[in-house]
1. Mind checking which residues of the stretch 405-449 are assigned to a loop (DSSP other than H, G, I, E, B) and farther than 24 Å from residue 35 by Cα?
2. Can you go through 411, 466, 441 and tell me which one is surrounded by fewer than 16 Cβ atoms within 10 Å (Cβ to Cβ) and either at pLDDT 95 or above or of a type in the set (Val, Ile, Thr) (or both)?
3. Take the conditions in contact with a helix residue (DSSP H, G or I) (Cβ under 8 Å, 6 or more places away or on another chain) and crowded, with 20+ Cβ neighbours inside 10 Å and apply them to residue 394. Does it pass?
4. Quick test of your reading of the structure: residue 3 fulfils all but one of (1) aliphatic (A, V, I, L, M); (2) under 25 Å from residue 84 (Cβ atoms); (3) more than 25 Å from the chain's Cα centre (by Cα). Name the failing condition by number.
5. Which residues, counting only those in the stretch 269-305, are surrounded by 12 or more Cβ atoms within 10 Å (Cβ to Cβ), farther than 28 Å from residue 2 by Cβ and modelled with pLDDT under 55?
6. Does the stretch 21-31 include one or more residues that are assigned to a helix (DSSP H, G or I) and over 29 Å from residue 257 (Cβ atoms)?
7. Quick check on residue 470: is it over 28 Å from the mean Cα position of the chain (by Cα), assigned to a strand (DSSP E or B) and either of a type in the set (Phe, Trp, Tyr) or not assigned by TED's automatic domain parsing to the domain that holds residue 256 (or both)?
Amino acid sequence: MLATLFQPDLRYRRASRLFLKALALIYFAAFVSLAPQISGLAGPDGILPFHFYLEDALREHGLLALLQVPVLFWFGSSDFVLTGAAWAGAGLALLLLAGRWERGALILLFLLYLSLYRAGQIFMNFQWETLLLEAGLLAIFLQRGPTVLVLFLYHWLLFRLRFMSGFFKLATGDPSWVGLTALDHYFETQPLPHAGAWYAHWLPEWLHRAGVGFTFFTELLVPFFIFLPRPFRLAAVAITLLMQLMILATSNHNFFNLLTIALCLLLLDDRALDRLLPWRRSGTNEQPESEPAHPGLAHKASLSFVALMLLVASLAGFYGAAFHRPLPPLLAQLVQSVQNFGVGAIYHVFPNMQTERQELVVEGSNDGEHWQAYRFRYKPQELDRITPFIVPHQPRLDWLIWFVPTQHPAQLYWFGEFMYSLERGAKPVLALLAHNPFPEQPPKYLRVTAWRYRFTTPQERRQSGQWWKREYLGLFPMVPPRRP
């Protein structure tokens with residue numbers, strides 16, 4: 001029985017190679033997006049300098065900090081090192097795409113992205129980071145060829161992503177999801193909506209309700225198709241692909257949807273790919289000479305260990321989150337130790353739907369009377385401008401500021417550090433902005449105003465040419481927090 005888990009499944013040879021190419025492109029996009037941002041986010045003169053984080057971890061945990069924070073930056077986290085790591089990752093992704101030194105490239109890609117994921121702290125605390133890390137870790141084993149076990153782990157990852165997202169939408173009891181009104185708000189209140197969101201927002205309400213129903217269908221029922229016979233798996237691919245394309249048409253979610261689509265490739269056997277892609281069949285079943293027909297003992301042992309850790313961490317973590325019950329201390333520690341490596345995560349995409357959009361405008365002045373606004377690169381600010389389609393890029397400062405109106409302590413902390421960076425004129429942080437109205441020296445005063453933003457109606461847009469209208473709420477944080 002156990003031996004069959006390590007048997008090569010030659011039905012998925014071509015899908016596996018195609019997935020590795022797609023993963024290489026996604027890794028490349030993730031590293032290139034992060035490279036010009038990381039010094040402003042986590043460098044020595046950034047918003048949250050990573051060397052302070054490492055010093056605190058070493059003080060608190062001693063040498064165990066090396067396992068608590070598994071990164072390559074213990075001997076240095078300068079701007080050069082952080083940025084160099086991102087560009088090195090981009091280079092390795094191209095190497096993987098070219099099919100050169102694949103095993104070594106995959107190992108280093110995982111280690112580099114894990115290090116940057118931990119270095120970015122709250123700016124990298126997103127579910128697509130852990131999705132990429134787990135997909136990248138499993139790819140180290142997939143590179144030797146698809147086996148029954150590694151394919152199951154990929155299917156388990158896709159199942160968790162899709163099913164947990166739907167489960168937690170209902171488990172939170174959010175009235176927008178339960179009442180099928182979530183899409184009445186989603187397009188307008190998401191972090192960085194592009195023009196497609198404006199058009200989708202004004203679709204008929206019945207279509208919004210149908211869209212929520214389709215969301216539940218794709219997230220609660222379709223994931224089970226993954227483990228059913230071939231026709232169901234193919235249906236899961238088609239339905240999930242349709243859902244991801246609709247999200248791309250209305251949202252800027254960096255590489256998240258592209259990675260979800262890539263994971264679906266591993267549900268397609270070579271027979272299906274022969275019909276979908278114009279590839280010649282000749283020679284496709286031949287094993288490369290450099291790859292053994294069957295995995296060796298070291299490969300089996302390491303894959304078995306990874307599989308056990310992923311299954312325990314994901315199942316126990318889901319149980320604790322779903323039923324709000326504390327795990328036994330040893331199990332909780334094991335789950336945390338696995339998740340320290342960015343894998344075994346719990347997924348809950350938009351479990352609570354925002355019904356109001358609050359935007360913050362950061363302003364400076366030298367006399368306390370005449371104020372000039374700092375301009376962000378992508379987030380909504382000017383009324384006649386909407387975020388362009390920027391997939392797969394993620395502007396992390398613009399994205400994270402969307403959370404600040406909740407006034408959660410963690411959000412207020414980093415935002416306070418950001419304001420302090422403006423106060424002292426930190427160049428790496430200012431480089432993250434589109435416009436600094438005080439290029440010579442920082443202003444004497446800073447303030448933040450809060451506004452309620454809404455999409456203009458089609459009639460208002462025809463008359464004014466503006467995408468947004470807004471209402472002044474007051475000085476931040478002396479305004480009611482956004483809920484949820």
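The values are calculated or read from the model by the stated rules, or taken from the named source; none is laboratory data. Here the structure is a predicted model, which means the values were calculated and not measured. FYI the Cβ positions are ideal-geometry reconstructions off the backbone, even for glycines, and counts take in every protein chain you see.
1. Within the stretch 405-449, 407, 408, 437, 438, 440, 441, 442, 443, 444 qualify.
2. 441
3. Yes: the conditions hold for residue 394.
4. It is condition (2) that residue 3 fails.
5. Of everything in the stretch 269-305, those that are surrounded by 12 or more Cβ atoms within 10 Å (Cβ to Cβ), farther than 28 Å from residue 2 by Cβ and modelled with pLDDT under 55 turn out to be 279, 284.
6. Scanning the stretch 21-31, I find no residue that is assigned to a helix (DSSP H, G or I) and over 29 Å from residue 257 (Cβ atoms), so the answer is no.
7. Yes.
Listed here are the residues, each with its yes/no results for (1) outside the structural domain of residue 294 (by TED's automatic domain parsing); (2) over 28 Å from residue 453 (Cα atoms); (3) buried (at least 19 other Cβ atoms within 10 Å of the Cβ).
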{"site": "156", "(1), (2), (3)": "no, yes, yes"}
{"site": "165", "(1), (2), (3)": "no, no, yes"}
{"site": "171", "(1), (2), (3)": "no, yes, no"}
{"site": "176", "(1), (2), (3)": "no, no, yes"}
{"site": "179", "(1), (2), (3)": "no, no, no"}
{"site": "197", "(1), (2), (3)": "no, no, yes"}
{"site": "218", "(1), (2), (3)": "no, yes, yes"}
{"site": "242", "(1), (2), (3)": "no, yes, no"}
{"site": "249", "(1), (2), (3)": "no, no, no"}
